[in-house]
Amino acid sequence: MELVFLAVLVILMATALGSGYPVAFSLPGASILTILLAASCGYIFAGNTDAFFAQGGPSQWLSAGVTNLRGVYWEPERDTLIAIPLFIFMGIMLQRSRIAEDLLITMAQLFGPVPGGLGISVVFVGALLAATTGIVGATVVAMGLISLPAMLRNNYSQSLATGTIAASGTLGQIIPPSIVLIILADQLASAADQAGTIRKSLYKEATGELTMPSTFDVVSTSAGEMFLGAFVPGIVLVGLYMAYILIAAFLRPGIAPPVPFSGNFDRAFAVKVVVSLVPPLLLIFLVLGSIVGGIATVNQAGAIGAAGALIMAGYRLHDGQPRAYWPALLAIASLLALVAIMSTFDTNIKNVKTSQDALGVTLAIIASLTLIFALIWSGWRAFKIENTLEGVMIETAKTTSLVFIILLGAAMLTAAFRAFGGEELVRHFLEGLPGGFWFKFIVVMSVIFILGFFLDFIEIAVVVVPIVAPILLADPEANVTAVWLGVMIGLNIQTSFLTPPFGFALFYLRGVAPAVVKTIQMYKGVVPFIGLQLLALVIVAWSPPLVNYLPNRVSLLSDNAPPPRNPKLSYCVDQYVGQQIALHGASLIEGANAAQSIDLSILPRKLAKNVSSSFDSVAIALDELAAAKNASEMTNAASVEFKPIHTDVRAIQRDMRRIDESIQELTIVLERTRDDEDGNKTKALNERIARLTADRDAIGEGIPASWDTTYDAYADLQKAEANAYRSYSRSAADAYTPIAELMATFNAGESFRALKTPLMDIQAAVASSPPEDMVDPLSDLSRSFGEIQGADDIKSLLSDARRKVKSKTPDKDAALELIAEAIAEFKAQEEWRSVGEVEIAPKIAMYEDSLRTTLGIREQSSFTREQALSVASCVSNHRDISLSF
């Protein structure tokens, strides 16, 4: 019966949407009505309101103290979503202040003399407006009002002109900052968590292991990563649009003729171009650059964008009047002053200790107040001139409310869809498809493309993505990242603005286009651009690094970058080391052999032994790395024959699990069956269980008799590969760690010698002072030696002396003896450290440097730039891990 109510839910939603009822109320309305209907039918016909729900039910939701819709009311408090009204404000303010209009006119004059130049200018401006406004309606209307008449006057083809304007206006959906990307990031973060749980369960079922290695975790995403991931695909799409217009103008000059500029390309025109182009570019740089550089979060970048748009509106609305640019110049001067102050002074108010610090804080406060004054000044202008600010605030409130109401309704719809077993139904359907991940992916993308003919981008993002994304992300075959999946869906959703009958960009353009432009010409014009968007989808699908590389690059080069020892990076780190050793392996052996001739007799015996043994470990590590590579090659070779068998068997086992789930459900129903006087219901249930059991056994016969042996053989190869890399890692650490510790010991020589006087003084202090007064001084001195490489013995002796004076019966003599031992140890170390710094350190330094980027890479706290870029490139490619499941 759950499927009946699932169908009712879908029919109610489709009917409401098809009748033109607002989507913000269609989604929650269909959900609430269906839930009430199912609960009422359950109570009337089964005596239980939960009877017709596949997952829980109203009584269970309420008895748990929450409802299944509780999370809905927390949706707006998600941190990522705060950026939405900020970016909406930025876009509407730039459009209302006519900055977009100036940009369009100027770029059209600049590119017009080139064949297809007007079309190129529309695409170029569309890309810039996408990176500033991101609002399709505003962009299409602005370009339609300004560019379309000019293009028609200059004999541009109606279809090419309208198609170019409509398609360019949709770029704001994929070029960051984009509201679609923020919503997708929010939805995919939750989907990645679900996918991680699914994958762990899959790993446990396949291998019997309780925990899954972290290298197999699903990679989630954030709004910042979505912005970075979508940047290059957005540029690719812009390039495709421009290339199409240029090629079309070259092959058919009559459809996009050049437009001579009647003015002069003089200094005045250059100033006009700079004034029109630089401020939007600067705003883009501040917004996206602050995110990329890790200076600001997405929310903070949204605030930067809103403030920047207000500053720009302040001078544009006052254009032609005295002191038009004063607020903008004041804001720029304040920002430059803040940058200079923060780079010169410590502006943390809590850390003010000197008059210099106080001066820095005071100057920073003055500069901040000046910036606030410039914002208020610009805001006052926007408020007084044409009532612009009020109109922008009202439009921002309307648009933001629409987005959040749809989010709430979609969350309710998703909850109801899952409650009636819809998610399981979709999962079973997709898992039952042949062809693995890519066929499932193509089916999902095709469904999203078709839905784009009828639904808006927000509805698709918040209704479809939560259902299908966990299934696709959990699949280990392609092992795709959430950011890649989000960008692919974003590119696909973008077509919804162009595809008839409900292509909103077409509606916007139809509303401002002259009557001479026929609607059929508009439809014909967008067809090539829809094809270009699909081509962009294929390009991005074929080359995942177009999406993944930039987020990985920024992450690995940031201050918070994961260290080389991070297990998730182990595969790519090993790949990098393998490449380096292939180039420099012989020199490493030569370096180790040369280092063995260094006289280490001055060093303590244990330290000298560790260093000497590390030289031998270099050759061992290189041999074990070669063995690990051979093991990998053997595993890869065996996977060619094993993968088809593995795929078939896992599909059979998946079908068997579904039947087992059905048998388990029927068994529960059978156990709960009461008052079955004639036994008909019990008999029917038993017969159904028997049929399902027979079906399961019949399906199980499809598993080859040699499966267990085949699987064990391949699993042994995988274990041998893993063990080989573990052995290599241990040997690499043995080869590098003693050398690194020796160099750290020599490098700490100056700090070590600086503690000589405190060590000598504390002996006299302990002898002359009460024991209880020496506990803290001994503790501090012990801690100081503990921070110096190679001084652990002295630290231990001082710690023992501290315990002697701190005990209930202080033993000052014993403490003095321990301090004397510490002094003797210090003098011995001082001697060999001084000699070693001169005779050993210079020779070891070159050797350590050659090991650091290869065998010692995992012992480093961070990647070098070269390493980070190499690992980022490697991680950006999706790697099939399905044979580990």
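Observations on the model:
- Tally of residues being surrounded by 14 or more Cβ atoms within 10 Å (Cβ to Cβ), assigned to a loop (DSSP other than H, G, I, E, B) and more than 35 Å from the chain's Cα centre (by Cα) across the range 338-379: 1
- If you go through the range 199-224 and keep only what is touching a Leu at 6+ places or on another chain (Cβ under 9 Å), under 27 Å from Leu288 (Cβ atoms) and not in a loop (DSSP other than H, G, I, E, B), you end up with just Ala223.
- Any chance Ile448 is at pLDDT 80 or above, surrounded by fewer than 19 Cβ atoms within 10 Å (Cβ to Cβ), out of contact with any Leu (no Cβ under 9 Å at 6 or more places or on another chain) and not in a loop (DSSP other than H, G, I, E, B): no
- Flag for Val526 being assigned to a helix (DSSP H, G or I), in contact (Cβ under 8 Å) with a residue 60 or more places away in the chain and under 30 Å from Phe863 (Cβ atoms): no
- Whenever a residue of the range 797-808 is over 12 Å from Met774 (Cα atoms), its partners that are of a type outside the set (Asp, Glu), lying with C-beta atoms within less than 8 angstrom and at least six residues away or across chains, give the pairs Leu797/Leu818; Leu797/Ile819; Leu797/Ala822; Asp800/Leu818.
- If the condition is being open to solvent by less than 20 Å² (accessible area, probe 1.4 Å) and either closer than 30 Å to Leu181 by Cα or not small (Gly, Ala, Ser) (or both), then the range 316-327 contributes Leu317, Pro327.
- Looking at Lys804, Lys795, just one residue is under 56 Å from the mean Cα position of the chain (by Cα), surrounded by 15 or more Cβ atoms within 10 Å (Cβ to Cβ), within 24 Å of Arg753 (Cβ to Cβ) and of a type in the set (Lys, Arg), and that residue is Lys795.
- Selection count where residues are closer than 19 Å to Arg650 by Cα and in contact (Cβ under 8 Å) with a residue 60 or more places away in the chain, scope the range 197-214: 7
- Here Ala608 passes the criteria (1) out of contact with any Leu (no Cβ under 9 Å at 6 or more places or on another chain); (2) assigned to a helix (DSSP H, G or I); (3) open to solvent by less than 50 Å² (accessible area, probe 1.4 Å) except the one numbered (1).
- Test: residue in the range 293-315 that is farther than 27 Å from Ser558 by Cα, open to solvent by 40 Å² or more (accessible area, probe 1.4 Å) and touching a helix residue (DSSP H, G or I) at 6+ places or on another chain (Cβ under 8 Å): no
- Candidate set: the range 611-632, residues that are open to solvent by 60 Å² or more (accessible area, probe 1.4 Å) and of a type in the set (Asp, Glu); chosen: the one farthest from Ala724 (Cα to Cα): Asp616
- Scanning the range 849-885 for residues that are open to solvent by 20 Å² or more (accessible area, probe 1.4 Å) and closer than 21 Å to Tyr736 by Cα yields a count of 13.
- Some residue of the range 545-567 being assigned to a helix (DSSP H, G or I) and exposed (fewer than 15 other Cβ atoms within 10 Å of the Cβ): yes
- Odd one out for Ala268, checked against (1) open to solvent by 30 Å² or more (accessible area, probe 1.4 Å); (2) assigned to a loop (DSSP other than H, G, I, E, B): (2)
- Per the listing Val527, Val487, Val516, the residue uniquely surrounded by fewer than 17 Cβ atoms within 10 Å (Cβ to Cβ), more than 30 Å from Val577 (Cα to Cα) and modelled with pLDDT of 85 or more is Val527.
The values are calculated or read from the model by the stated rules, or taken from the named source; none is laboratory data. What you are looking at is a predicted structure, and each value in this text was computed from that prediction instead of being measured. So basically every Cβ, Gly included, is an ideal-geometry build from the backbone, and we count neighbours across all protein chains shown. Please note that ligands, DNA and RNA were not included when accessible areas were found on the heavy atoms of the full protein model with its side chains. Shrake-Rupley method; radii C 1.70, N 1.55, O 1.52, S 1.80 Å.
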